[in-house]
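Working notes, beginning with the structure itself.
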Amino acid sequence: MADSYTVAAADRPVIAAPAPFRAFWLSFKENKGAVAGMAILAIIALMALGADIIAPHSPLEQFRDAVRQPPFWVTGGNWRFPLGTDGLGRDTLSRLIYGARVSLFIGISVMGVSFVLGVVLGLLAAFSRPWVDVLITRAMDLLMAVPGLVLAILIVAVLGPSLANTIIAVTIVFLPRYVRLVRASAMAELSKEYVTAARVIGVSQFRLMFATVLPNCLAPLIVQSALGVSEAILEAAALGFLGLGAQPPVSEWGTMLADAREFIRSDPWILTLPGLAILVTVVSINLMGDGLRDALDPKMQRS
């Protein structure tokens with residue numbers, strides 16, 4: 001009888017649990033907005049990477065015979081400059097494509113540096129002595145007490161307006177949210193049994209921080225990182241619009257907006273198109289971030 005039961009159990013098909021990435025993707029693709037955002041962002045990223053091939057003209061080349069030429073759908077426009085030209089006769093489409101490279105570079109750079117520094121400082125605050133925790137958290141509270149754009153303006157005013165200083169300023173503005181998030185997540189993990197077991201068997205402090213606790217804190221960090229890219233792009237565009245970010249002739253979207261302010265009534269497309277580029281990029285990243293949140297947080301997953 002036992003033998004027949006064993007044979008029947010052996011013949012029964014085994015249903016394997018889905019791999020972690022496959023389970024993540026199945027959950028992520030349920031959010032149609034997130035998939036659409038990821039697709040649009042992928043197109044923008046490919047355009048930025050292939051700007052040298054895709055852009056019809058150099059972003060710095062001036063066409064004196066076509067200054068402020070309208071887009072092709074407006075009377076007077078043509079397909080030589082599909083989206084028209086700016087006040088100096090530079091092709092708007094080419095500048096938008098190259099501007100995607102600059103804006104995405106700013107967003108990814110700010111996110112990467114903030115992520116690394118936030119992880120290090122957050123884990124130090126959670127694992128170090130109380131006075132170290134107080135020192136780090138109070139420093140972050142001090143940074144968060146100042147409105148983000150105001151703090152970025154102050155930093156750029158001290159360092160001087162440039163693309164590199166824009167990245168530094170925006171990184172400092174966004175650093176506290178990563179530090180606080182890592183610290184809170186790590187503190188929640190410290191009371192769990194696997195951390196106690198790791199300490200009992202003699203795991204070193206460094207390995208406990210980065211190999212044991214950190215992997216269990218990554219889900220909220222990934223979501224914050226995705227949303228942080230869009231916020232960094234907006235912050236950099238605001239600095240560029242104020243003349244404190246990337247400096248001309250760099251084709252950054254915020255700088256393009258600043259250059260087009262005087263044409264808002266006469267040639268509104270010069271101002272509208274960079275604004276739409278910022279809008280589409282930021283919305284796409286935010287939609288993808290919402291999908292990541294739903295896929296990584298079991299409480300947010302749809303039944």
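Checking each residue in segment 85-95 for being part of a helix (DSSP H, G or I) and within 19 Å of V74 (Cα to Cα) picks out T92, L93, S94. Among the residues of segment 70-112, the ones that are modelled with pLDDT of 90 or more, of a type in the set (K, R) and more than 28 Å from the chain's Cα centre (by Cα) come to 1 in all.
Considering only residues that are assigned to a helix (DSSP H, G or I), β-branched (V, I, T) and free of Cβ contacts under 8 Å to residues at least 60 places away in the same chain, which ones fall in segment 139-161?
V150, I155, V158
The residues on offer are V102, V116, and the sole one that is surrounded by 23 or more Cβ atoms within 10 Å (Cβ to Cβ) and within 16 Å of I167 (Cβ to Cβ) is V102. Here S109 passes the criteria (1) part of a helix (DSSP H, G or I); (2) buried (at least 21 other Cβ atoms within 10 Å of the Cβ) except the one numbered (2).
No other residue among A164, A237, A232 is without any contact (Cβ under 8 Å) to a residue 60 or more places away in the chain, under 30 Å from R95 (Cα atoms) and under 23 Å from the mean Cα position of the chain (by Cα) apart from A164. The single condition among (1) surrounded by 17 or more Cβ atoms within 10 Å (Cβ to Cβ); (2) in contact with a Ser or Thr (Cβ under 8 Å, 6 or more places away or on another chain) that V170 does not meet is (2). Annotation: of all residues in segment 213-233 being surrounded by fewer than 17 Cβ atoms within 10 Å (Cβ to Cβ) and in contact with a helix residue (DSSP H, G or I) (Cβ under 7 Å, 6 or more places away or on another chain), the one that is nearest to A42 (Cα to Cα) is I222.
When segment 168-199 is filtered for residues that are basic (K, R) and modelled with pLDDT of 90 or more, the ones remaining, listed by number, are R177, R180, R183.
So D297 clears everything in (1) at pLDDT below 85; (2) acidic (D, E); (3) under 28 Å from A51 (Cα atoms) except one condition, right? Which one? Looking at each condition in turn, D297 falls short on (3).
Filter segment 36-81 for residues that are touching a helix residue (DSSP H, G or I) at 6+ places or on another chain (Cβ under 7 Å) and not in a loop (DSSP other than H, G, I, E, B) and give the result. Across segment 36-81, the qualifying residues are A36, G37, M38, I40, L41, I44, A45, M47, A48, A51, I54. Looking across G243, G291, G254, one residue alone is surrounded by fewer than 16 Cβ atoms within 10 Å (Cβ to Cβ) and touching a residue at least 12 places away in the same chain (Cβ under 8 Å). It is G243.
Close contacts from segment 188-216, counting a first residue that is touching a residue at least 60 places away in the same chain (Cβ under 8 Å) and a second that is assigned to a helix (DSSP H, G or I) and surrounded by 13 or more Cβ atoms within 10 Å (Cβ to Cβ), with Cβ to Cβ under 6 Å and a gap of 6+ residues or different chains, come to L208/A198; M209/L123; M209/F127; V213/A186; V213/E189. If you go through segment 36-64 and keep only what is surrounded by fewer than 15 Cβ atoms within 10 Å (Cβ to Cβ), in contact with a Lys or Arg (Cβ under 9 Å, 6 or more places away or on another chain) and small (G, A, S), you end up with just S58. Somewhere in segment 58-81, is a residue small (G, A, S), without any contact (Cβ under 8 Å) to a residue 12 or more places away in the chain and farther than 30 Å from A211 by Cα? Yes, segment 58-81 has at least one match. Being at pLDDT 90 or above, under 30 Å from V250 (Cα atoms) and assigned to a helix (DSSP H, G or I) is a property that I136 lacks.
I270 meets all of the listed conditions (1) surrounded by fewer than 22 Cβ atoms within 10 Å (Cβ to Cβ); (2) in contact with a helix residue (DSSP H, G or I) (Cβ under 8 Å, 6 or more places away or on another chain); (3) closer than 19 Å to T85 by Cβ but one, namely (1).
The values are calculated or read from the model by the stated rules, or taken from the named source; none is laboratory data. Computed from a predicted model, the values in this text were never measured in an experiment. Cβ sites come from the backbone with ideal geometry, for glycine too, and all protein chains shown count toward neighbours.
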